[in-house]
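Student: Here it is, the structure, as structure tokens.
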Amino acid sequence: MSVAETHAQDVLVIGAGGAGLRAAIEARAEGATVALVCKSLLGKAHTVMAEGGVAAALGNVEPKDNWKVHFRDTMRGGKMLNNWRMAQLHAQEAPECVHELESWGALFDRTADGRILQRNFGGHTYPRLAHVGDRTGLEMIRTLQDHVIHTGVKVFMECTIYRLLTTGGRVVGAVGYWRESGKPVLFKAKATVLATGGIGKAWQITSNSWEYTGDGHAMALEAGADLLDMEFVQFHPTGMVWPPSVRGTLITEGVRGEGGVLKNSKGERFMFGYIPEMNQGEFAENEAETKEWLRQTELNQAGRLADVTARRPPELLTRDVVAKAINKEVEEGRGSPHGGVFLDIFTQRTPAEIQRKLPSMYHQFKELAEVDITKEAMEVGPTCHYMMGGIRVEADTAAATLPGLYAAGEAAAGMHGANRLGGNSLSDLLVFGRRAGRFAARAAKEMAAAPEVDEGQVDAFVQRMEAPFQRDSGENPFAVHKALQEVMQKYVGIIRSREALQKGLGELTKLKARAANAKAEGTHTFNPGWHMALDLDSMLTVSEACALTALAREESRGGHTRADFPETRPEFGKFNHVIASAAGAMKVRREPLPEMPADLKALIGGK
Amino acid sequence: MADAALPHSAKLQIWRGTPVDGALKEFDVELDPGMVVLDAVLKVQAEQAGDLAVRWNCKAGKCGSCSAEVNGRPALMCMTRMSSLPLDRPVVVEPMKAFRLEKDLVCDVSWNYEVDRKIPPFKPKAPEKDGTWRMSQIDVDRGQEFRKCIQCFLCQDVCHVIRDHEQKTHFAGPAFFVKLAYLETHPLDTEDRRKLVRETAGVGFCNITKCCTEVCPEHIKITDNAIIPLKERVADEYFDPIGKLFERLRAEKAERRRLKH
């Protein structure tokens with residue numbers, strides 16, 4: 001066998017963002033031995049960039065809140081394509097998971113009576129997001145990291161998993177390489193959890209880091225697992241648009257949660273004109289009412305007002321709605337100088353409040369854009385942010401469709417349907433990270449011996465990893481990546497059409513040929529060009545999956561918008577798209593939505 | 001915007017090499033408005049040197065991955081704008097020097113993770129009857145300042161106890177004094193770490209030159225709010241008036257020296 005270094009644990013967790021960390025902790029607590037493998041240093045994963053908060057119906061600020069309202073908000077936000085069982089478990093277990101973080105040392109912002117403070121966010125009926133200023137993700141990942149290092153979980157940092165190993169249709173581990181030495185490494189496991197995050201690096205304007213290359217999706221598909229709902233990509237409405245250096249960098253929805261307003265170049269608060277049919281009557285219809293809402297909210301959060309009676313500002317509509325509205329304003333010539341719109345908080349809050357509630361936004365703009373958000377408006381526009389689709393899982397156990405494989409967090413699909421609510425990703429990764437770890441450990445416990453690894457398979461993967469070094473001539477992998485990002489932005493972006501998607505698929509075929517010819521220069525030692533050559537494979541796979549399902553969904557719903565089918569079509573609301581790999585090609589099929597029980601249906605109501 | 005005066009291109013001298021050998025290599029980079037040093041380095045990587053090793057993740061000052069020394073000063077490359085540097089001469093980008101080099105701009109920071117593991121974890125007191133805790137905002141404010149730490153290890157890099165005196169076995173470094181200060185000020189924590197602070201973490205080695213505070217990209221007042229209170233806490237237990245006097249004199253001298261520079 002071509003791999004000198006082998007590790008064997010009961011459970012292998014791939015990815016050390018929130019979901020991976022939470023899964024590793026739980027698997028270890030169940031008594032399993034655990035390997036936790038991540039591409040970056042510990043504590044640097046994407047969760048660290050989450051800003052606004054973690055959604056959990058604690059009811060600390062608004063006692064009327066409970067899991068049923070959270071469930072309803074999540075399903076409606078997801079345009080009813082969510083896996084109802086996941087949405088239910090998520091809403092029910094999120095509060096307990098947040099309290100658990102507090103028991104591990106997290107320091108959330110507090111209410112006047114000393115409980116966890118909660119803020120408003122798009123699509124959430126009540127103030128629901130537990131937060132720490134605008135650096136909630138950092139607090140969460142650090143808390144989980146601080147906890148995991150004392151549990152006996154074996155952590156492998158800066159180690160990239162390349163592909164999963166299967167024996168007789170069961171996942172038995174994975175093969176990867178150390179980023180520093182470039183040497184291959186084999187992990188044997190009785191159960192494997194994919195917590196590999198998203199795919200946003202395939203787009204040009206994105207809030208995602210280099211890590212978000214869809215590795216988990218690609219390796220799951222290749223091993224024989226199903227993917228689900230790959231057409232649903234979330235474009236966050238507020239990314240930075242200027243200067244070019246920071247284009248796409250995230251601006252937390254917390255800005256709007258704290259009262260921030262969106263304006264076009266004419267100074268109009270355009271969101272009043274974009275309240276969808278399903279939300280008619282639920283949102284403020286004029287500025288006076290939004291001012292009253294802000295006044296009441298402040299008193300309410302300070303514990304001096306029991307009930308907020310004013311309706312919420314339309315800036316707090318769900319992300320899909322706001323992103324499309326911004327897109328339209330720009331398209332119709334009412335954009336800001338650099339092709340976005342204006343988001344201002346300075347007209348709504350005092351400088352001291354802004355610096356206290358949104359400190360990293362303040363610094364980010366001051367240092368990177370020379371904009372003082374306590375005095376000026378921010379220029380914002382949509383940025384590729386989150387993948388609702390992903391690895392198809394069983395709701396209760398987080399098991400993928402392939403034995404021995406589990407998935408949680410952004411890598412998994414179903415929880416968010418066609419559009420994710422802000423704050424639901426951080427609660428998702430806790431709830432389903434925990435479940436994935438638990439059920440992976442239990443499955444491992446039931447197995448007497450570790451399954452055999454097919455050495456031929458290992459050797460074949462190692463050979464594939466080596467290939468970019470062995471080409472005599474070839475292309476710069478970074479150039480191919482850049483071309484891919486342009487293709488996805490242009491043809492599989494926020495507004496899609498049959499013509500564009502078909503064009504995009506054609507371009508992807510050409511890019512596959514180019515990627516197969518990408519060459520690594522230099523040595524195996526910490527070589528990003530080589531790493532990129534390998535990542536291209538995964539990015540092309542998820543890009544194709546996204547374009548194929550986007551083409552098949554001839555309607556507009558949540559994060560998926562078709563210029564040629566602008567309406568939501570009820571007949572498309574009855575199924576999810578499943579993608580499976582058959583003889584190396586992707587097959588898309590329709591899978592009817594699981595039937596929701598009547599008591600839950602009743603919670604959602606008429607609209 | 002200051003960027004209006006940005007020249008068309010700049011020269012970058014990037015340290016390239018392995019622990020065995022290496023040198024500064026010069027690259028020309030076209031500039032875009034708002035460009036930060038990390039953009040320039042990644043542009044070199046994408047267009048001229050595919051195997052140029054550099055760590056980065058968020059590119060927004062939130063993850064602490066892209067620590068380096070820019071013109072000799074420890075900084076996050078993603079938060080250092082090209083326009084803030086003199087561009088009439090090459091911008092020099094080197095790896096952090098307090099740690100073993102892996103390759104190019106990447107060094108081995110694993111020692112920090114070892115130190116972290118040695119710190120006894122958070123141990124909360126019993127919760128209220130409803131299973132949760134009450135803490136007032138004013139009591140979590142202090143801890144929240146320390147929790148802004150993004151573990152970029154720039155403070156470790158600049159600290160002369162680590163950098164010049166190689167005291168890695170007896171000294172945790174400013175980053176972990178910040179962590180200890182978080183734990184020690186946590187309203188719910190019950191663990192006693194004073195012995196560790198004094199002995200294993202070696203807080204006494206710090207002579208308050210405040211270099212760590214100066215390089216902290218999160219503007220944590222490391223010396224004033226973390227280290228000095230930890231020293232006091234230890235001193236309360238192991239009272240040592242003469243040592244303390246020397247320490248203060250040393251610090252004053254260092255401060256004078258610092259102000260002179």
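So that you can scan it fast, the table gives a plain yes or no per residue for (1) surrounded by 22 or more Cβ atoms within 10 Å (Cβ to Cβ); (2) closer than 16 Å to residue A:212 by Cβ; (3) away from chain B (no Cβ under 14 Å):
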position: A:510; (1), (2), (3): no, no, yes
position: A:515; (1), (2), (3): yes, no, yes
position: A:525; (1), (2), (3): no, no, no
position: A:534; (1), (2), (3): yes, yes, no
position: A:539; (1), (2), (3): yes, yes, yes
position: A:558; (1), (2), (3): yes, no, yes
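Student: Okay, next question. Quick test for you: out of A:89, A:12, A:81, pick the one residue that is in a loop (DSSP other than H, G, I, E, B) and aliphatic (A, V, I, L, M).
Tutor: Just a single option satisfies the conditions, and that option is A:81.
Student: Mind checking whether some residue in the stretch A:184-199 is over 22 Å from residue A:328 (Cα atoms) and within 13 Å of chain B (Cβ to nearest Cβ)?
Tutor: Yes, some residue in the stretch A:184-199 is over 22 Å from residue A:328 (Cα atoms) and within 13 Å of chain B (Cβ to nearest Cβ).
Student: Tell me the helices (runs of 4 or more DSSP H) entirely within the stretch B:165-232 that contain at least 1 residues that are of a type in the set (Ser, Thr, Tyr) and either out of contact with any strand residue (DSSP E or B) (no Cβ under 6 Å at 6 or more places or on another chain) or not assigned by TED's automatic domain parsing to the domain that holds residue B:121 (or both).
Tutor: Once the helices (runs of 4 or more DSSP H) in the stretch B:165-232 are filtered for at least 1 residues that are of a type in the set (Ser, Thr, Tyr) and either out of contact with any strand residue (DSSP E or B) (no Cβ under 6 Å at 6 or more places or on another chain) or not assigned by TED's automatic domain parsing to the domain that holds residue B:121 (or both), what remains is B:174-185, B:211-215.
Student: One residue is enough: does the stretch A:229-242 have a residue meeting the conditions assigned to a helix (DSSP H, G or I), away from every other protein chain (no Cβ under 14 Å) and more than 17 Å from residue A:77 (Cβ to Cβ)?
Tutor: Scanning the stretch A:229-242, I find no residue that is assigned to a helix (DSSP H, G or I), away from every other protein chain (no Cβ under 14 Å) and more than 17 Å from residue A:77 (Cβ to Cβ), so the answer is no.
Student: Taking residue A:524, is it assigned to a loop (DSSP other than H, G, I, E, B), over 18 Å from residue A:233 (Cβ atoms) and modelled with pLDDT of 95 or more?
Tutor: The answer is yes for residue A:524.
Student: Consider only pairs whose beta carbons are under 8 Å apart and that are at least six residues apart or on different chains; among these, list those whose first residue lies in the stretch A:179-201 and is assigned by TED's automatic domain parsing to the domain that holds residue A:224 and whose second residue is in a loop (DSSP other than H, G, I, E, B) and among the charged types (D, E, K, R).
Tutor: A:179/A:39; A:179/A:158; A:180/A:158; A:197/A:211; A:201/A:211
Student: Another question about this same structure. Taking the stretch A:112-129 as the search range and keeping residues that are within 10 Å of another protein chain (Cβ to nearest Cβ) and in a loop (DSSP other than H, G, I, E, B), which one is surrounded by the fewest Cβ atoms within 10 Å (Cβ to Cβ)?
Tutor: Across the stretch A:112-129, the extreme among qualifying residues is A:113.
Student: Checking the conditions here, which among B:142, B:134 is in contact with a helix residue (DSSP H, G or I) (Cβ under 6 Å, 6 or more places away or on another chain) and charged (D, E, K, R)?
Tutor: B:142
Student: What number goes with the only condition from (1) under 30 Å from residue A:13 (Cβ atoms); (2) touching a Phe, Trp or Tyr at 6+ places or on another chain (Cβ under 6 Å); (3) not acidic (Asp, Glu) that residue A:373 does not pass?
Tutor: In the conditions (1) under 30 Å from residue A:13 (Cβ atoms); (2) touching a Phe, Trp or Tyr at 6+ places or on another chain (Cβ under 6 Å); (3) not acidic (Asp, Glu), residue A:373 misses (1) alone.
Student: Here is a further query. Which numbered condition trips up residue B:20, out of (1) in a loop (DSSP other than H, G, I, E, B); (2) within 10 Å of chain A (Cβ to nearest Cβ); (3) more than 29 Å from residue A:338 (Cα to Cα)?
Tutor: Against the list (1) in a loop (DSSP other than H, G, I, E, B); (2) within 10 Å of chain A (Cβ to nearest Cβ); (3) more than 29 Å from residue A:338 (Cα to Cα), residue B:20 comes up short only on (2).
Student: If you go through the stretch A:152-174 one residue at a time, do you hit one that is touching a Leu at 6+ places or on another chain (Cβ under 6 Å), facing chain B (nearest Cβ under 10 Å) and among the aliphatic types (A, V, I, L, M)?
Tutor: Scanning the stretch A:152-174, I find at least one residue that is touching a Leu at 6+ places or on another chain (Cβ under 6 Å), facing chain B (nearest Cβ under 10 Å) and among the aliphatic types (A, V, I, L, M), so the answer is yes.
Student: Just checking: which of the strands (runs of 3 or more DSSP E) contained wholly in the stretch A:338-451 hold 3 or more residues that are within 14 Å of another protein chain (Cβ to nearest Cβ) and either modelled with pLDDT of 95 or more or under 21 Å from the mean Cα position of the chain (by Cα) (or both)?
Tutor: So the answer is A:378-387.
Student: Mind listing whichever residues of the stretch A:92-106 are at the interface with chain B (Cβ under 8 Å from one of its Cβ atoms) and part of a loop (DSSP other than H, G, I, E, B)?
Tutor: A:104, A:105
Student: Let me ask something else about it. Considering A:109, A:134, which residue is surrounded by 21 or more Cβ atoms within 10 Å (Cβ to Cβ), at pLDDT below 95 and either away from every other protein chain (no Cβ under 13 Å) or closer than 24 Å to residue A:356 by Cα (or both)?
Tutor: Criteria check complete, one pass: A:134.
Student: Out of A:43, A:59, report the one residue that is within 14 Å of another protein chain (Cβ to nearest Cβ), modelled with pLDDT of 95 or more and surrounded by fewer than 24 Cβ atoms within 10 Å (Cβ to Cβ).
Tutor: Of the residues listed, the single one that is within 14 Å of another protein chain (Cβ to nearest Cβ), modelled with pLDDT of 95 or more and surrounded by fewer than 24 Cβ atoms within 10 Å (Cβ to Cβ) is A:59.
Student: Can you list residue pairs whose Cβ atoms sit under 9 Å apart, with the first residue in the stretch B:147-162 being more than 13 Å from residue A:143 (Cα to Cα) and within 14 Å of chain A (Cβ to nearest Cβ) and the second being acidic (Asp, Glu) and part of a loop (DSSP other than H, G, I, E, B)? Count only pairs 6 or more apart in sequence or on different chains.
Tutor: Pairs that qualify, where the first residue is more than 13 Å from residue A:143 (Cα to Cα) and within 14 Å of chain A (Cβ to nearest Cβ) and the partner is acidic (Asp, Glu) and part of a loop (DSSP other than H, G, I, E, B), are B:152/B:218.
Student: Separate question: Here are A:383, A:374, A:350: which of them is within 21 Å of residue B:81 (Cβ to Cβ), among the polar types (S, T, N, Q) and free of Cβ contacts under 8 Å to residues at least 40 places away in the same chain?
Tutor: On inspection, the qualifying residue turns out to be A:374.
The values are calculated or read from the model by the stated rules, or taken from the named source; none is laboratory data. Fair warning: this is a prediction, and the values are worked out from it, not measured in the lab. Neighbour counts are summed over all protein chains in view; Cβ atoms, including those assigned to glycine, are modelled from backbone coordinates with ideal geometry.
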